[in-house]
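First up is the structure itself, then whatever we jot down about it.
The values are calculated or read from the model by the stated rules, or taken from the named source; none is laboratory data. If you're wondering where the values come from, they're calculated on a predicted model, not measured in any experiment. No Cβ is skipped: glycine too gets one built from the backbone with ideal geometry, and neighbour counts run over all protein chains shown.
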Amino acid sequence: MSLALRFRRRFSMAHRLTSGAAAKCATPHGHDEHVTVELVAAQPIALDGEANMVAEFGQAKGRWHRFVDERLDHGLQLSASDPLLAIARERFPEWRLIVTPGDPTTELLAALLAAKCQAILDDELGGALRVRRVILDETPTNAVVFEGDPREVLPAGDGWWWRPDESTS
Ligand SMILES: [Zn+2]
């Protein structure tokens, strides 16, 4: 038996891919994406005949969707090693930048967002909910599904994806 909560949010983004990508992918461009997170209770929870819920929906998704709306939406995703990053920081400090370890592919973003969502939930709900799956729809027909522990695929250290704040670089 398992009960999951699922939230979906739309956002627009821009990025470019520099490593071995086709020229059109190296040109800054954008996608309208959806991020879906599935959450499960860290401990088995019985529907108790009273509250009958895994967690309060609003509490579970409020901060997460604020992060998506205010930091991810209309953000420019750039690799930490992209020469555009220094130009953007110097000339356009007001831009929303999402700085990634290597090219900001959909695969990487799915793992980064799984880590970020878990950090926010841990801070908000004290570890009551676990991120089981993140689905990142890059186009209406292409999606990446991330399941498992992001620590297995992401760099350790103090990256923004491990922090429960609104940082993205
Ligand atoms: Zn793209």
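Of all residues in segment 24-72, those being part of a loop (DSSP other than H, G, I, E, B) and within 16 Å of the ligand (Cβ to nearest atom) number 2.
On inspection, Pro104 fails the criterion of being farther than 30 Å from Leu3 by Cβ, more than 16 Å from the ligand (Cβ to nearest atom) and modelled with pLDDT of 95 or more. Residue-level analysis places Pro93 outside the set of residues that are assigned to a loop (DSSP other than H, G, I, E, B), surrounded by 15 or more Cβ atoms within 10 Å (Cβ to Cβ) and not basic (Lys, Arg).
Within segment 117-169, the set of residues being more than 18 Å from Pro101 (Cβ to Cβ) and assigned to a helix (DSSP H, G or I) comprises Ile120, Leu121, Asp122, Asp123, Glu124, Leu125.
Here the condition is being crowded, with 21+ Cβ neighbours inside 10 Å, touching a Phe, Trp or Tyr at 6+ places or on another chain (Cβ under 8 Å) and under 19 Å from Gly30 (Cα atoms); of Leu121, Leu72, Leu78, it holds for Leu72 alone. Evaluating Thr18 against the criteria (1) assigned to a loop (DSSP other than H, G, I, E, B); (2) β-branched (Val, Ile, Thr); (3) away from the ligand (no atom under 13 Å from the Cβ) leaves one unmet condition, (3).
Anything in segment 1-34 that is among the polar types (S, T, N, Q) and surrounded by 15 or more Cβ atoms within 10 Å (Cβ to Cβ)? List them, or say none. The one that is among the polar types (S, T, N, Q) and surrounded by 15 or more Cβ atoms within 10 Å (Cβ to Cβ): Thr18. Before we move on, is Val131 in contact with an Asp or Glu (Cβ under 9 Å, 6 or more places away or on another chain) and modelled with pLDDT of 95 or more? For Val131, the condition - in contact with an Asp or Glu (Cβ under 9 Å, 6 or more places away or on another chain) and modelled with pLDDT of 95 or more - is met.
Residue-level analysis places Gln77 among those that are among the polar types (S, T, N, Q) and either within 13 Å of the ligand (Cβ to nearest atom) or under 17 Å from the mean Cα position of the chain (by Cα) (or both).
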